[in-house]
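Peer 1: For reference, the structure I am asking about is given below.
The values are calculated or read from the model by the stated rules, or taken from the named source; none is laboratory data. Since we're looking at a predicted model, the values are computed, not measured. Note that we place each Cβ from the backbone using ideal geometry, even for glycine, and neighbour counts take in every protein chain shown. Only protein heavy atoms, including side chains, enter the accessible area calculation; ligands, DNA and RNA are left aside. Shrake-Rupley method; radii C 1.70, N 1.55, O 1.52, S 1.80 Å.
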Amino acid sequence: MTTIWKQGALALSMAGALSAAHAQQLTIGLASEPTAADPHYHKMTSNDSFTAHVYDSLVGRTPKMELVPSLATSWKNLDDLTWEFKLRKDVKFSNGAPFTSKDVLFTICRTLNNETNVSQSYMDTTKRLTDVQTPDPYTVIVKTATPIPLIPAEFARNLPIISSSIVDFDGWKFAPKEGCGYKGPWPSVADFNNGKMAIGTGPFVLKSYVKGTAITLERNETYWGDKPHWKSVKMVPVPAAGPRLTGLLSGDYDLIENPAARDLARVKQDPKLAFVATPSTRLVFFQPDAGRETSPFSKAANGKNPLQDLRVRRAINMAIDRKAIVERLMDGMATVAYQYMPDGMFGGLAHAPEIKFDPEGAKKLLAEAGYADGFELTLSSTNDRYINDAQVTQAVAQYLSRIGIKTKVDAMTASIYFPKRAKREFSFAMGGWPSENGEASGLFQLWVASTDAPKGQGTSNYGGFVSPEFDKVYVPAATTMDNAKRKAELERATQIALDNVPLIPLHFESSIWAFKKGLTYEGRRDQYTLAASVKPAK
């Protein structure tokens, strides 16, 4: 047994505790590797979790996804189209530059002029701003063309603040079409990856980002908030669950993400290990190509794309045994999804009706649609992004084969998959999305609403789904400032979406972290792994 002596007010004397020499270094085994160190590059949880170590947002979130002050100490509506944010004083970036309202304006301008952005999610809110005013160094006023009731939540999830000091310019103004007054060049992904421009106000400073190898961080000694326990952090990408657990058992890692649910019994039996499992809002689903008459991997004898037919999408929905997937593949560490948010969350149904597993009914619907003999369909997915993603895809493929659909599975690493999906190269693509803003509008805005990129709407609607009935209800609901009315209208939109099957919901993941005894970690509903939240047990 190793004993760690007191450090500050904390002491460790537990079996399997970290050695004193190692106490200030933390090594984490990541289930999914971040694709860049650029905080505005690609909207995915592994990226956002990583960049949250280096950058802060105006608004923060607790592990339960409650909004809390961060770089902004307060915010309020001045009217339905105007929000005022008061900024925290005496905050410095890691290069010593003071944090002011100019940095918020620069960050907004960068999101609107970022040619390297793989997904447009970071612009979904900022492109709807009509003005950004900085009347003094610690006040930011943003104006919108239409009411946006969730501006604070959107800024919490989509606006990591970068320093204006990383470019040589001081005349920022909100004029997106004119580059906000700046002639460039704008910061590139490479500039962030090599650390040159990775300047934030967060609890850690990026020391190195070596794709495929490791990320190393050092504690930001000038951090404005509570200092992390760890002086240095190393994050190692280990996509396969087996090697991650082996690394934890051997002592190579102090904490790992997403051990396989089937391995939890082994973790429980090991006196040197502990784990925490937390239900998340992340919906795992498939997105059918409902918008194109011909689709690359959906082929039928009649030459049509069967996924355009609502009866086919409903048949697929009925053909999947979600309970079996959760019980057998996920070992109970997930919740069956019959709608797009956990029951009772804002804008979702209080109790969604069960999508019954009915393969015979599915066959009848296929025959009714003219596909009694089935058709060919390739299921595309990641193999290193979501918990058991490739295995879940294989299971869904088998269920569809049983109703006569001739299936193939194409599972690939996330770094290859996501750019292909963004180009709509798939016909039936896996997705995973957490309700980061706490209500149904977040998923609807990106994944279900008809695509209107200038308004930040439907930017992840890779299936090309269009429903005028849905848009007629959802679009005005999203800008309704009256919470009770917005909730009721979002519930209507939820039912319309469920009836039209733009997405095939499977389950809500539970996030699992396993770690050495002597450490603690509070699981987060947003699935972030934050080194500052890994602490020695009291």
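Peer 1: Name the residue, out of 331, 343, that is part of a loop (DSSP other than H, G, I, E, B) and either touching a residue at least 60 places away in the same chain (Cβ under 8 Å) or among the hydrophobic types (A, V, I, L, M, F, W, C) (or both).
Peer 2: The match here is 331.
Peer 1: Among the candidates 450, 533, which residue alone is small (Gly, Ala, Ser) and either closer than 30 Å to residue 24 by Cβ or open to solvent by 40 Å² or more (accessible area, probe 1.4 Å) (or both)?
Peer 2: 533
Peer 1: Would a scan of the range 129-142 turn up a residue that is within 21 Å of residue 87 (Cβ to Cβ) and part of a helix (DSSP H, G or I)?
Peer 2: Looking for residues that are within 21 Å of residue 87 (Cβ to Cβ) and part of a helix (DSSP H, G or I), one finds none in the range 129-142, hence no.
Peer 1: Restricted to the range 240-260, and to residues that are closer than 15 Å to residue 529 by Cα and in a loop (DSSP other than H, G, I, E, B), which residue is nearest to the chain's Cα centre (by Cα)?
Peer 2: 258
Residue-by-condition table, conditions (1) buried (at least 24 other Cβ atoms within 10 Å of the Cβ); (2) over 15 Å from the mean Cα position of the chain (by Cα); (3) within 19 Å of residue 281 (Cα to Cα):
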site	(1), (2), (3)
39	yes, no, no
44	no, no, yes
54	yes, yes, no
65	no, no, yes
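Peer 1: Might you let me know whether the range 261-272 holds any residue that is closer than 29 Å to residue 426 by Cβ, open to solvent by less than 40 Å² (accessible area, probe 1.4 Å), at pLDDT below 95 and outside any loop (DSSP other than H, G, I, E, B)?
Peer 2: Yes; the residues of the range 261-272 include at least one that is closer than 29 Å to residue 426 by Cβ, open to solvent by less than 40 Å² (accessible area, probe 1.4 Å), at pLDDT below 95 and outside any loop (DSSP other than H, G, I, E, B).
The rows are residues; the columns are (1) modelled with pLDDT of 95 or more; (2) not in a loop (DSSP other than H, G, I, E, B).
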residue: 21; (1), (2): no, yes
residue: 33; (1), (2): no, no
residue: 41; (1), (2): no, no
residue: 46; (1), (2): no, yes
residue: 50; (1), (2): yes, yes
residue: 53; (1), (2): yes, no
residue: 60; (1), (2): yes, yes
residue: 64; (1), (2): no, no
residue: 73; (1), (2): yes, yes
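Peer 1: Yes or no: residue 321 over 16 Å from residue 374 (Cα atoms) and either modelled with pLDDT under 95 or open to solvent by 50 Å² or more (accessible area, probe 1.4 Å) (or both)?
Peer 2: No, not satisfied.
Peer 1: Looking at (1) modelled with pLDDT under 95; (2) open to solvent by 20 Å² or more (accessible area, probe 1.4 Å); (3) in contact with a strand residue (DSSP E or B) (Cβ under 7 Å, 6 or more places away or on another chain); (4) not basic (Lys, Arg), can you tell me which one residue 350 breaks?
Peer 2: Here residue 350 meets the rest and fails (3).
Peer 1: Return the residue satisfying two criteria in turn: it lies in the range 399-428 and is outside any strand (DSSP E or B) and β-branched (Val, Ile, Thr), and of such residues it is most open to solvent (accessible area, probe 1.4 Å).
Peer 2: So the residue we want is 416.
Peer 1: If I ask for residues that are within 17 Å of residue 298 (Cα to Cα) and either surrounded by 21 or more Cβ atoms within 10 Å (Cβ to Cβ) or in contact (Cβ under 8 Å) with a residue 40 or more places away in the chain (or both), which ones from the range 381-398 would you list?
Peer 2: Of everything in the range 381-398, those that are within 17 Å of residue 298 (Cα to Cα) and either surrounded by 21 or more Cβ atoms within 10 Å (Cβ to Cβ) or in contact (Cβ under 8 Å) with a residue 40 or more places away in the chain (or both) turn out to be 381, 393, 396.
Peer 1: For the range 120-129, state whether one or more residues are under 23 Å from residue 479 (Cα atoms), open to solvent by 10 Å² or more (accessible area, probe 1.4 Å) and among the hydroxyl-bearing types (Ser, Thr, Tyr).
Peer 2: The answer is no, given that none of the residues of the range 120-129 is under 23 Å from residue 479 (Cα atoms), open to solvent by 10 Å² or more (accessible area, probe 1.4 Å) and among the hydroxyl-bearing types (Ser, Thr, Tyr).
Peer 1: Between residues in the range 514-537 that are at positive phi and residues that are hydroxyl-bearing (Ser, Thr, Tyr) and crowded, with 20+ Cβ neighbours inside 10 Å, which pairs lie under 8 Å by C-beta distance while being six or more apart or on different chains?
Peer 2: What qualifies is 527/45; 527/49; 527/280; 527/511.
Peer 1: Let me ask you something else. If we scan the range 501-511, do we find a residue that is part of a helix (DSSP H, G or I) and either within 28 Å of residue 50 (Cβ to Cβ) or modelled with pLDDT of 95 or more (or both)?
Peer 2: no
Peer 1: Related question: Starting from residues that are open to solvent by less than 30 Å² (accessible area, probe 1.4 Å) and polar (S, T, N, Q), keep the ones in the range 132-157 and report whichever is modelled with the highest pLDDT.
Peer 2: 139
Peer 1: Here is a list of conditions, (1) farther than 30 Å from residue 277 by Cβ; (2) open to solvent by 10 Å² or more (accessible area, probe 1.4 Å), and residue 160 meets all of them except one; can you say which number that is?
Peer 2: (1)
Peer 1: Of 196, 211, which residue is closer than 19 Å to residue 46 by Cβ and open to solvent by 30 Å² or more (accessible area, probe 1.4 Å)?
Peer 2: 211
Peer 1: Condition first: hydroxyl-bearing (Ser, Thr, Tyr), out of contact with any strand residue (DSSP E or B) (no Cβ under 8 Å at 6 or more places or on another chain), closer than 25 Å to residue 478 by Cα and crowded, with 18+ Cβ neighbours inside 10 Å. Can you find one or more residues in the range 96-108 that meet it?
Peer 2: Among the residues of the range 96-108, not one is hydroxyl-bearing (Ser, Thr, Tyr), out of contact with any strand residue (DSSP E or B) (no Cβ under 8 Å at 6 or more places or on another chain), closer than 25 Å to residue 478 by Cα and crowded, with 18+ Cβ neighbours inside 10 Å, which makes the answer no.
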